[in-house]
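K.L.:
Next up is a structure, given as structure tokens.
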Amino acid sequence: MPHPETWLKVLPQGLYCEPGGFFVDPTRALERAIITHAHSDHARPGHHAVLASAETLALMRTRMGAEAFGAEQSLAWGERLRIGEVEVWLQPAGHVLGSAQVAMQWRGSRVVVSGDYKRQPDPTTPGFVPIACDVFVTEATFALPVFRHPKAEAEIGRLLASVALFPERTHVVGCYALGKCQRLIALLRQAGWQRPIYLHGALIPLCQTYEQLGVALGDIRPTTVAAKRELVGAIVLAPPMAVADRWARRLAEPVVCAASGWMRVRQRARQGGVELPLVISDHADWDELNATLDDVGAPEVWVTHGREEALIHAAAKRGIRGRALRLVGYGDEDDETPTAPGSA
Ligand SMILES: [Zn+2]
Ligand SMILES: [Zn+2]
């Protein structure tokens, strides 16, 4: 059986599957790409041909319009496709709607590229499906023991408790436009919040695509048309940058909140002027990363980006060989971090 190193190459443009002639999540426009999910650091515009889940293709089209890609092909979960000499299939990664792990098999040797993923349940996307493999390629965004994400439902409970405590103020929550925003809305609905949820204009197109793809979000309204009076006691969602700047200041005595795994770091919350940090992440935390290594049972793990040292060390203690790929270009456009007022 060929070792995955001999057929899945780490090139400057990203991971290249040689016997299939395609890249996974390449960082520049190329001939043939398989895309794990529609976040901008993984889904770049301009590939000639893209293979992805139908949801990811739809979200890419919303984000990039006609520039998104030339030709497209979608795969249903678990559906197998032969590309060159390689068998390819997708399984959910649980990260955002449409997010997929890419499984590739060549001459009995199997690699799974997880993309970004999480193991906490998320009402807007199917959960992560572990796939047994010879090499598991993982992210490591929160791969330090200090990162242990609480249950998202408990964080939503803290938000609603604050809304009850300050009924005359507007709670404005900074969140990433793809995934986090829709997950927050769905979690609020699950927690019984049936009132309108107001959105910054930048969040609306992707919410509409989610609804077209079958994720019900309830009564969502643009903040622009909402009278200031309507926003008293309301919950408003906005991109982190808008929360930090002038935009939020015209709301009624805003309580500035942010929903991100980075809110575990107090200093980050303070820098962003965040009064109510909510630790809600779409990435696996330390425990989830380690549990996933056990679940997939791969003798070898390759780490694409993030805090690879701690994860590789933890893997080695269990006899799993680790390799840091240090791929450049991932994680920097995920916009997870709130920006301090006044900075870019
Ligand atoms: Zn992502
Ligand atoms: Zn990413």
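K.L.:
Of all DSSP beta bridges in segment 1-142, what percent run antiparallel (nearest 5)?
P.N.:
60
K.L.:
Go through segment 223-235 residue by residue and turn each phi into a ³J(HN,Hα) via Karplus (6.51, -1.76, 1.60, θ = phi - 60°); whole Hz please, and just put x for glycine and proline.
P.N.:
5, 4, 8, 6, 5, 4, 4, 5, 8, 5, x, 8, 10
K.L.:
Hey, another quick one. Please give the charge dipole size of the chain, origin at the Cα centre, charges +1 on K and R Cβ atoms and -1 on D and E Cβ atoms. Round to the nearest 20 debye.
P.N.:
About 720 debye.
K.L.:
Gap in Å between the Cα centre of segment 55-97 and the Cα centre of segment 1-40?
P.N.:
14
K.L.:
Tally Lys/Arg at +1 and Asp/Glu at -1 over every other residue whose Cβ is under 14 Å from the Cβ of Ala132; what's the total?
P.N.:
Once all neighbours under 14 Å are counted, the net charge is -3.
K.L.:
For the chain, which span is the longest to avoid every loop-located (per DSSP) member of trypsin sites (Lys or Arg not before Pro) having at most 15 other Cβ atoms inside 10 Å?
P.N.:
152-249
K.L.:
Let me ask something else. Which listed residue (Ile83, Gln105, Ala152) has the Cα farthest towards the positive end of the charge dipole for the chain, taking +1 on Lys and Arg C-beta and -1 on Asp and Glu C-beta about the Cα centre?
P.N.:
Ala152
K.L.:
Return the FRET efficiency for the residue pair Asp295, Glu31: r is the Cβ-Cβ distance, R0 is 45 Å, and the value is rounded to the nearest 0.05.
P.N.:
The computed FRET efficiency comes out at 0.85.
K.L.:
Along the charge dipole of segment 90-210, which of Gln194, Cys181, Gly94 sits closest to the positive end, that is, farthest toward it, with unit charges on the beta carbon of Lys, Arg, Asp and Glu (+1, +1, -1, -1)?
P.N.:
Going by the charge dipole, the pick is Gln194.
K.L.:
Mind checking the dipole of segment 26-185: about its Cα centre, +1 per Lys or Arg Cβ, -1 per Asp or Glu Cβ, Debye to the nearest 20?
P.N.:
Dipole magnitude for segment 26-185 comes out near 200 debye.
K.L.:
Here's another thing I want to ask about it. Report, to the nearest 10°, how far helix 286-296 tilts away from the longest principal axis of the Cα atoms in the chain, using its own Cα long axis and a range of 0 to 90°.
P.N.:
30
K.L.:
I would also like to ask the following. Can you list residues whose amide H is under 5 Å from Phe22's amide H, if they're 5+ apart or on another chain and H is modeled 1.01 Å from N?
P.N.:
Residues meeting the criterion, in which the H sits 1.01 Å from N, are Cys17.
K.L.:
Quick check: from the Cα gyration tensor, does the chain come out rounded (a/c under 1.5), prolate or oblate?
P.N.:
Cα axes put the chain in the prolate bin.
K.L.:
Amide H neighbours of Ala258 under 5 Å, at least 5 residues apart or on other chains, H built in the peptide plane: list them.
P.N.:
Answer set, sorted by chain and number: Gly174, Leu276, Leu278.
K.L.:
Could you tell me whether segment 95-146 comes out rounded, prolate or oblate from its Cα gyration tensor? Rule is a ≥ b ≥ c as square roots of the eigenvalues, rounded for a/c under 1.5, then prolate if a/b exceeds b/c, otherwise oblate.
P.N.:
oblate
K.L.:
Report the label-to-label distance for Arg321 and Lys9 in nanometres (one decimal), using points 7 Å from each Cα along the Cα→Cβ vector.
P.N.:
2.0
K.L.:
Given 20 °C and 1.002 mPa s, how large is the Stokes-Einstein diffusion coefficient of segment 77-191 in µm²/s, with Rh as the Kirkwood radius over Cα pairs?
P.N.:
So the translational diffusion coefficient is about 130 µm²/s.
K.L.:
A further question follows. Sort all Cα-Cα distances of segment 5-136 into consecutive 5 angstrom bins from zero, then give the percent of pairs in each bin up to the one containing the longest distance.
P.N.:
2, 11, 23, 25, 21, 13, 4, 1
K.L.:
How far, in nm, would the chain grow between Leu81 and Ala54 when pulled straight, counting 0.36 nm per residue and subtracting the alpha carbon separation?
P.N.:
8.2 nm
K.L.:
Could you work out how much longer the chain between Arg107 and Glu153 gets when fully extended? Use 0.36 nm per residue separation minus the Cα distance between them, nm to one decimal.
P.N.:
Result: 12.2 nm gained on full extension.
K.L.:
Work through the residues other than Val236 whose Cβ is under 13 Å from its Cβ and net out their charges, Lys, Arg +1 and Asp, Glu -1.
P.N.:
Counting the neighbours of Val236, the net charge comes to +4.
Since every read-out is calculated from the coordinates, none of them should be taken as a lab result. Quantities reported herein were computed from a predicted structural model and do not represent experimental measurements. We place every Cβ from the backbone using ideal geometry, glycine too, and count neighbours over all the protein chains shown.
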